[in-house]
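Below: one structure, written as structure tokens.
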């Protein structure tokens, strides 16, 4: 469906075509745009006062401009629930629901701002804000010293992107395009897989370090130092990847071209720069508020619903945080535009693994909290197998529904594993090998 | 050599060519057919009675129709040894020898039946009966509550298919075709590798689970629940794979076409009737069941008597016997540079065991109330994961040479050596653990 999208003027190419075939638009922009709606300005234009009219136009664009806006009422409900002390599980549930449309709106606003700031800064903004929800939730959990929630929500987000989002997209796309050949550019998948493997190495070394060194010589410090050094390396790698993606090897990452089948859309932003900025600040503040509720009530919800905190962190939170991207990726897979799907899923996973996680370690370092890269054995093992399976799946450049089904079932099995794991997270010994080396060494 | 084999009429292609270039036939059919012999009906046709003649024809087709029929006398010898209580190791060895031709005959009979039932059901029959021997041995071991034998014989079968069968095939094929380019369609290998990786995930999660949770909070139940859930997932995946292989993406799995036909055209009809094929199949399966019962019952005695561990016998010896027919067929097709068929045999068999036979055993154990989970111990699961990765990596570029085969073969030798020196009895779970204090109440089986 046509909508009024901004136009990244990187190449100065003005193709009169619909949003999803816009050349040089980043993958992330294009995925979120599939959830947009066309704003009907007829009502607003009747308002006489000009300032008010502009404000209402903004309001309509921002609040009602997405199909997910049905979930917006959850936000005031969550705030009311918090103020009037309804059940804490309700606060948790409502906050989760409210975060979903907000994540999508933030990406829309980032797109609007990117129109004004130019392509490079726009690409950077897009890259950083793409996972704003996960970043904010993680920072709040870090602030409340729930380091396990930080680790497992970020790990779950990587797993969800690699297996759930990619799996459902490839599965649905494969079923919808049974007769056609489904191809994608494997170079993009290769670079992302390589980055994920580097991240996996950085996660596995502290884990193996902990098991390899005998207790008498081990203190928590070497693991922490190693984690912090690895985090700096990962951030440098991610900066290099941004440079690679936006400057020198743009052509590997651009969306597929095709015949235009929609009406030409305008190439200007729908909001002014400052109003977009103001809306972004406001949305981020609300995301922060809801994230605080989520992190604060996670244990209560876990006790009340009878499922472990690790399951909520690894499975439920990321599903919410990724809902908008998920829908976009599936829609593009239906249209056999697998490059975009892969850009969304893999790009998001790489961003979290190589940017958000090390950023949290550095922030914890500044705050004096002890967060290392040692996610425990089961979680790191699941992550390792997920990365290897995904890298193997994507390395031949074609796709069919069986690939998607297998990725999806991998996610299901991992989810079942964490579902039956009913041990509370704050018993560090529970995640050790049970060897005699566990003395005095906590996992967080 | 030409023989009267059936033709899977899936494509309706009637190529006047020898059995191994029949388009549309599944890899498994074609590999077993390489061990067939042409039946000489001259002698039988002199018998006057029609019924007797037909019976003798059947007998000749079924019993003498394979080069492995020299091993058939081992079956009555094994039964005699069991009845007269010769040494139990003798019973074990004779039963093993007797199982080898039986496995091949079962696949022949399945082929005959498939001719009558049509391609899809035929493909399904082939898929399920392809590893009938391993399945029956495993079910008997389960019934006798020897969970470790079940796990390790099935694991050894996967290892044998991935490394031994594939390794010898690629090695011999590479040496025989030194001057030619050896290619195969990597898409088939990719799908099988993906399925094996999903299976590997299902095996590794219970293992890591056991290590990750401390002794105080862990009971065996979560691992068992996880294993049963994973088994259901694996069975669903296998059904989806059959659908993928037989319905929607047939073209990825069909055997290579060969331009030169160098054999006499063979007939395209079954050599025995549907009813008699079915009767023979039932009879053969019964004999397999009997011999499997002997094998499972005498495995410890053979182990004690020969001085090698039960785990070595389960992981190395049993699968070599069970896979002997497929092994020979895969090597023969590799010699002829028909690598698609070789891969179909080896990888298809490994996938079938990993994604169908093992989860089926877990479900059957669930029904029988036995605690069988997917936690194969560290050493075995580690070997399996490396075998799967090495094989997946080897097959991912679509070409082959003898070095690939040699590497896979030597991987198998090393894994075999590892289990050979592991002389610990299987019923001491602590020894196969990491040696941690974790062992309380948690058995390896």
Subject >> Which numbered condition residue B:229 fails, given (1) at pLDDT 90 or above; (2) crowded, with 23+ Cβ neighbours inside 10 Å; (3) at the interface with chain A (Cβ under 10 Å from one of its Cβ atoms) >> reply: (2)
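To keep it simple, each residue is scored yes or no on (1) within 11 Å of another protein chain (Cβ to nearest Cβ); (2) more than 22 Å from the chain's Cα centre (by Cα); (3) surrounded by fewer than 23 Cβ atoms within 10 Å (Cβ to Cβ).
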{"position": "A:358", "(1), (2), (3)": "no, no, no"}
{"position": "A:362", "(1), (2), (3)": "no, no, yes"}
{"position": "A:367", "(1), (2), (3)": "no, yes, yes"}
{"position": "A:376", "(1), (2), (3)": "yes, no, no"}
{"position": "A:386", "(1), (2), (3)": "yes, no, no"}
{"position": "A:418", "(1), (2), (3)": "yes, no, no"}
**OP:** With the condition kept exactly as written, say whether any residue in region B:399-413 is crowded, with 24+ Cβ neighbours inside 10 Å, on the phi < 0 side of the Ramachandran plot and over 20 Å from the mean Cα position of the chain (by Cα).
**Re:** yes
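So that you can scan it fast, the table gives a plain yes or no per residue for (1) touching a helix residue (DSSP H, G or I) at 6+ places or on another chain (Cβ under 7 Å); (2) assigned to a helix (DSSP H, G or I); (3) free of Cβ contacts under 8 Å to residues at least 40 places away in the same chain:
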| position | (1), (2), (3) |
| --- | --- |
| A:315 | yes, yes, no |
| A:324 | yes, yes, no |
| A:331 | no, yes, no |
| A:343 | yes, yes, no |
| A:362 | yes, yes, no |
| A:374 | yes, no, no |
**OP:** Could you list, in sequence order, all residues of region B:232-265 that are within 14 Å of chain A (Cβ to nearest Cβ), part of a loop (DSSP other than H, G, I, E, B) and either modelled with pLDDT of 80 or more or out of contact with any helix residue (DSSP H, G or I) (no Cβ under 7 Å at 6 or more places or on another chain) (or both)?
**Re:** B:249
Subject >> Odd one out for residue B:297, checked against (1) closer than 18 Å to residue B:154 by Cα; (2) touching a helix residue (DSSP H, G or I) at 6+ places or on another chain (Cβ under 7 Å) >> reply: (2)
Subject >> Filtered residues of region A:152-173 (kept if over 14 Å from the mean Cα position of the chain (by Cα) and closer than 9 Å to residue A:408 by Cα) >> reply: A:167, A:168, A:171
Original post:
Which condition number does residue A:307 fail, the rest of (1) within 14 Å of chain B (Cβ to nearest Cβ); (2) in a helix (DSSP H, G or I) being met?
Top reply: (2)
Subject >> Residue that is more than 13 Å from residue B:202 (Cα to Cα) and within 11 Å of another protein chain (Cβ to nearest Cβ), where the choices are A:411, A:401 >> reply: A:401
Original post:
When you scan region A:72-92, how many residues do you find that are surrounded by fewer than 21 Cβ atoms within 10 Å (Cβ to Cβ), assigned to a helix (DSSP H, G or I) and touching a residue at least 24 places away in the same chain (Cβ under 8 Å)?
Top reply: 5
Original post:
Scanning for something in contact with a helix residue (DSSP H, G or I) (Cβ under 6 Å, 6 or more places away or on another chain), part of a helix (DSSP H, G or I), modelled with pLDDT under 90 and under 23 Å from residue B:238 (Cα atoms), does region B:408-431 turn up at least one residue?
Top reply: no
**OP:** Could you check how many residues of region A:269-313 are free of Cβ contacts under 8 Å to residues at least 40 places away in the same chain and either under 17 Å from residue A:87 (Cβ atoms) or buried (at least 22 other Cβ atoms within 10 Å of the Cβ) (or both)?
**Re:** 5
Original post:
On the given criteria, is residue A:139 surrounded by fewer than 23 Cβ atoms within 10 Å (Cβ to Cβ), modelled with pLDDT of 85 or more and farther than 23 Å from residue A:296 by Cα?
Top reply: no
Original post:
(1) more than 9 Å from chain B (Cβ to nearest Cβ); (2) more than 18 Å from the chain's Cα centre (by Cα); (3) assigned to a helix (DSSP H, G or I); (4) in contact (Cβ under 8 Å) with a residue 60 or more places away in the chain: which one isn't true of residue A:395, the others all being true?
Top reply: (1)
Subject >> Which listed residue is in a helix (DSSP H, G or I) and either surrounded by fewer than 24 Cβ atoms within 10 Å (Cβ to Cβ) or in contact with a strand residue (DSSP E or B) (Cβ under 7 Å, 6 or more places away or on another chain) (or both), from B:175, B:164 >> reply: B:175
**OP:** Please state which of the following conditions residue B:209 fails to meet, knowing it meets all the rest: (1) part of a helix (DSSP H, G or I); (2) more than 14 Å from chain A (Cβ to nearest Cβ).
**Re:** (2)
**OP:** Filter region A:109-136 for residues that are outside any helix (DSSP H, G or I) and at pLDDT below 75 and give the result.
**Re:** A:118, A:130
**OP:** State all residues of region A:89-108 that are modelled with pLDDT under 80 and closer than 16 Å to residue A:292 by Cα; if no residue qualifies, say none.
**Re:** A:103
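The values are calculated or read from the model by the stated rules, or taken from the named source; none is laboratory data. Computed from a predicted model, the values in this text were never measured in an experiment. Cβ atoms come from the backbone with ideal geometry, glycine included; neighbour counts cover every protein chain shown.
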